[in-house]
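Here is the structure we will look at, set down as structure tokens.
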2 protein chains.
Amino acid sequence: MSAPSNQTTGGLESTRIVLASRPVGAPTAANFRTDTAPLPAVADGQALVRIKYLSLDPYMRGRMSEAESYAEPVAVGDVMVGATVGEVLESRDPSLTEGDVVLSYSGWQTHDVVSASQVRKLDPDAVPASTALGVLGMPGFTAYSGLLRIGQPRAGETVVVAAASGPVGSAVGQIAKVKGARAVGIAGGPKKCAHLLDDLGFDAAIDHRAPDFADRLAEAVPDGIDVYFENVGGAVADAVFPLLNTYARVPVCGLIATYNATDKPEGPDRWPAFYGRVLIKSLTLRGFIQTEFAREMFPDFLRDMTTWVADGTVRYQEDFTDGLANAPEAFIGLLEGRNFGKLVVRVAE
Amino acid sequence: MSAPSNQTTGGLESTRIVLASRPVGAPTAANFRTDTAPLPAVADGQALVRIKYLSLDPYMRGRMSEAESYAEPVAVGDVMVGATVGEVLESRDPSLTEGDVVLSYSGWQTHDVVSASQVRKLDPDAVPASTALGVLGMPGFTAYSGLLRIGQPRAGETVVVAAASGPVGSAVGQIAKVKGARAVGIAGGPKKCAHLLDDLGFDAAIDHRAPDFADRLAEAVPDGIDVYFENVGGAVADAVFPLLNTYARVPVCGLIATYNATDKPEGPDRWPAFYGRVLIKSLTLRGFIQTEFAREMFPDFLRDMTTWVADGTVRYQEDFTDGLANAPEAFIGLLEGRNFGKLVVRVAE
């Protein structure tokens with residue numbers, strides 16, 4: 001990766017990782033390609049940004065495919081999408097000045113020309129700027145909005161969340177505790193489970209790799225499950241659904257276990273059994289994307305979560321990867337659960 | 001069936017249909033048995049009732065099985081449960097007098113001694129008393145509460161309901177029309193479909209037995225589906241789910257297509273695909289039993305629905321079977337869709 005020149009018009013280029021081909025099953029390095037593209041001149045109302053941090057998130061797997069989803073796919077040859085934190089190098093808008101740190105959606109690249117109206121200025125002296133990609137950003141807001149609006153945990157109820165050491169799951173469990181609920185986390189491996197108990201204050205942590213996972217989960221929820229925050233699907237959902245109480249709520253924000261699926265899943269057909277439980281237990285299943293609640297709830301989220309992070313009520317874990325070139329491998333690992341905490345690529349120092 | 005004597009203490013008996021054995025798959029006549037049982041003496045606060053009408057409803061299939069459901073199963077040897085309309089023969093409670101017509105839950109039998117506090121007095125001069133088992137009873141309230149509380153149809157939206165000529169489905173479609181929505185009904189055969197269009201004012205009617213059912217349904221909902229009132233499941237749900245719009249609501253009140261299932265359904269496993277649509281379309285699936293909403297909504301329901309029935313806004317169809325002895329065969333036919341409208345057994349003239 002050659003360092004881009006420091007001009008704002010003319011020869012300045014962005015080094016980018018683009019979608020080279022659509023994955024069949026799990027993505028591989030061959031699905032990505034690094035290239036460079038010239039940056040447009042900075043127009044009125046815009047700013048040139050050097051990206052410092054790139055967020056890697058499971059939803060990006062969906063954007064790599066043409067299958068119908070809640071957002072348009074990335075076109076082959078286009079830069080991979082993603083939230084980023086960057087530093088303003090040049091501004092032609094009165095709201096931004098050189099040196100400002102901003103949140104933008106610049107994707108997997110080193111530089112971008114952004115509209116000032118579409119970025120959010122951050123205060124890196126208050127909290128580390130990278131948190132705008134995790135606990136104080138989209139993942140944290142996904143947890144906050146989905147849990148409070150759909151899950152509606154009450155004091156004494158039991159909340160279960162999978163991928164519990166990830167940025168969404170860890171916030172779900174800790175916000176559940178704030179609301180007086182019992183938080184049970186599911187994670188992969190003893191290290192992540194210990195983190196849930198020792199660092200994040202979960203009431204129980206279950207390793208989904210354990211051969212007796214379903215039995216252990218049942219033991220951990222003696223009063224059943226009132227809220228299951230669904231971000232995984234697959235075998236974890238299999239174990240959870242029989243334990244859901246009458247009137248349980250299931251906010252569905254992700255199904256990472258199925259994102260790499262290719263063939264039609266083999267039988268038996270589990271749909272009638274799952275759907276039957278929706279009926280006999282008066283369950284609520286509600287899919288959502290956090291953007292639905294942003295206008296109404298984001299200011300409350302920022303206020304609450306900033307307070308909780310500042311006073312230690314909510315803790316967070318970040319997992320940094322150095323260098324944009326390593327983003328594909330880190331992303332492939334994310335889909336396999338190899339990250340430990342919010343996965344962030346340090347694109348520049 | 002011998003006519004019971006007219007004494008209120010001593011030798012008076014009720015002729016009853018009891019559960020003889022639990023069905024495996026579809027119920028047969030052998031799962032039922034007729035017997036007689038002595039009636040207790042009428043105590044203070046009670047009344048002796050002669051049953052005139054017995055309601056037959058799909059939920060009764062669930063009560064015949066030991067599989068977990070939202071209510072306890074009927075014990076083998078016990079009288080089959082069910083809502084009934086009867087005439088008071090003797091009362092030892094000031095709220096009831098001989099000749100009163102009451103709604104009770106006396107089950108499949110000719111006579112019952114009931115607590116006055118657990119019956120609802122009907123006015124057979126205002127509307128036919130049998131409607132308390134259908135459009136003005138549990139099925140009508142299931143439609144009203146599930147559609148308005150969970151489905152929340154807005155003017156211009158599209159509401160789809162299956163078993164649309166039945167007592168729940170027909171009320172769902174007609175209430176949807178009251179709310180300004182487009183009503184699309186699914187029913188079995190041309191006679192039922194014609195009834196939906198000609199008598200009930202549905203905007204479209206689709207025969208689920210047609211070989212190109214899924215295509216016809218898609219044509220009938222050019223703007224997609226905003227509310228799918230689920231009382232069937234199975235192949236109808238298969239056709240509906242791909243047509244659901246973002247933020248569509250699915251009140252789930254019954255899954256009659258699966259009630260007689262025995263084996264684990266063959267693959268492919270449809271669950272990941274259905275669950276995936278919950279996610280990408282931000283769907284709401286909500287199981288419910290009408291009792292959940294009774295305290296809060298039943299008075300409004302009685303007021304609204306009585307008005308709508310009286311002024312012809314909501315029409316209803318009843319399908320009478322004569323004689324308690326014919327209840328098992330009628331019930332078996334109900335599960336096969338052989339009834340046409342609300343199925344009621346005339347137990348006595």
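The values are calculated or read from the model by the stated rules, or taken from the named source; none is laboratory data. All values reported here derive from a predicted model rather than from experimental measurement. Backbone-built Cβ (ideal geometry, glycine too); neighbour counts: all protein chains shown. Keep in mind that these areas ignore ligands, DNA and RNA; they rest on the heavy atoms of the full protein, side chains included. Shrake-Rupley method; radii C 1.70, N 1.55, O 1.52, S 1.80 Å.
Quick notes
- Taking segment B:138-287 and dividing mean pair separation by its residue count, relative contact order in percent (alpha carbons under 8 Å, at least six apart): 21
- Dipole magnitude of chain A about its Cα centre (Cβ charges: Lys, Arg +1; Asp, Glu -1), debye to nearest 20: 580
- Only Lys, Arg, Asp and Glu carry charge here, each on its Cβ (+1 for the first two, -1 for the last two); on that basis the protein assembly as shown has a dipole of about 60 debye about its Cα centre.
- Share antiparallel - DSSP beta bridges, the protein assembly as shown, percent rounded to 5: 60
- Heavy atoms of residue A:319 accessible to a 1.4 Å probe, total area in Å² rounded to 10: 40
- Exposure ranking of A:295, A:315 by accessible area [1.4 Å probe, largest first]: A:295, A:315
- Positive dipole terminus of chain A, leading residue within A:290, A:83, A:41 (C-beta point charges): A:290
- With the biggest extent put first, the Cα atoms of chain A measure 65, 46, 34 Å across the principal axes.
- Cα gyration tensor category, rounded, prolate or oblate, for segment A:222-349 with a/c compared to 1.5: oblate
- Placing B:138, A:305 in order of accessible area, with the largest value first and a 1.4 Å probe, yields B:138, A:305.
- Of all accessible heavy-atom area on segment B:138-287, the percent that carbon and sulfur account for (1.4 Å): 51
- Residues with amide H under 5 Å from that of residue B:342, placed H, sequence gap 5 or more: B:317, B:318, B:319
- Surface accessible to a 1.4 Å probe, residue B:101 within the full protein complex, Å²: 20
- Using a 7 Å projection from Cα along Cα-to-Cβ, the label point at residue A:268 is separated from the same position in the remaining copies by 2.0 nm, smallest value first.
- P(r) tail fraction, segment B:298-349 - alpha-carbon pairs more than 14 Å apart, %: 62
- Of the listed residues A:78, B:263, the order by accessible area with a 1.4 Å probe, largest first, is B:263, A:78.
- Cα-based helix-to-principal-axis angle, B:291-310 vs chain B, degrees rounded to 10: 90
- Shape class for the protein assembly as shown, computed from the alpha carbon gyration tensor (a ≥ b ≥ c): prolate, with a/c not under 1.5 and a/b above b/c.
- Taking all protein chains as they are arranged and a probe of 1.4 Å, the heavy atoms of residue A:253 leave approximately 20 Å² accessible to solvent.
- Helix A:271-280 vs. chain A, principal-axis angle (Cα, 0 to 90°, nearest 10): 70
- Ignoring aspartates and glutamates fewer than eight residues from residue A:264 along the same chain, the ones with Cα atoms less than 17 angstrom from its Cα are A:66, A:68, B:238, B:266, B:269.
- Dimensions of segment A:1-153 from C-alpha coordinates, computed as largest minus smallest value along each principal axis and given longest first, are 47, 39, 23 Å.
- Where rotation carries A onto B, the chain A residue whose Cβ is nearest that axis, in whole Å: A:267, 1
- Within straight-line reach of residue A:179, meaning a Cα separation under 17 Å, sit the following aspartates and glutamates at least 8 residues removed in sequence or on another chain: A:157, A:203, A:226, A:300, A:304, A:311.
- Cut-off 15 Å between beta-carbons: net charge of the residues surrounding residue B:210, Lys and Arg +1, Asp and Glu -1: -1
- Ascending list, in nanometres, of distances separating the residue A:94 label from those of the other copies (7 Å, Cα toward Cβ): 8.0
- Computed over chain A: relative contact order in percent, which uses C-alpha pairs under 8 Å that are six or more apart: 17
- Extension gain from residue A:36 to residue A:66, taking 0.36 nm per residue of separation minus the Cα-Cα distance: 8.3 nm
- Look at the stretch B:246-255: the mean tally of other chain Cβ atoms within 10 Å of its residues' Cβ atoms is 3.
- Taking a ≥ b ≥ c as the square roots of the Cα gyration tensor eigenvalues, segment B:138-287 comes out rounded, since a/c falls below 1.5.
- Span from the segment B:279-316 Cα centroid across to the segment A:37-114 one, whole angstrom: 48
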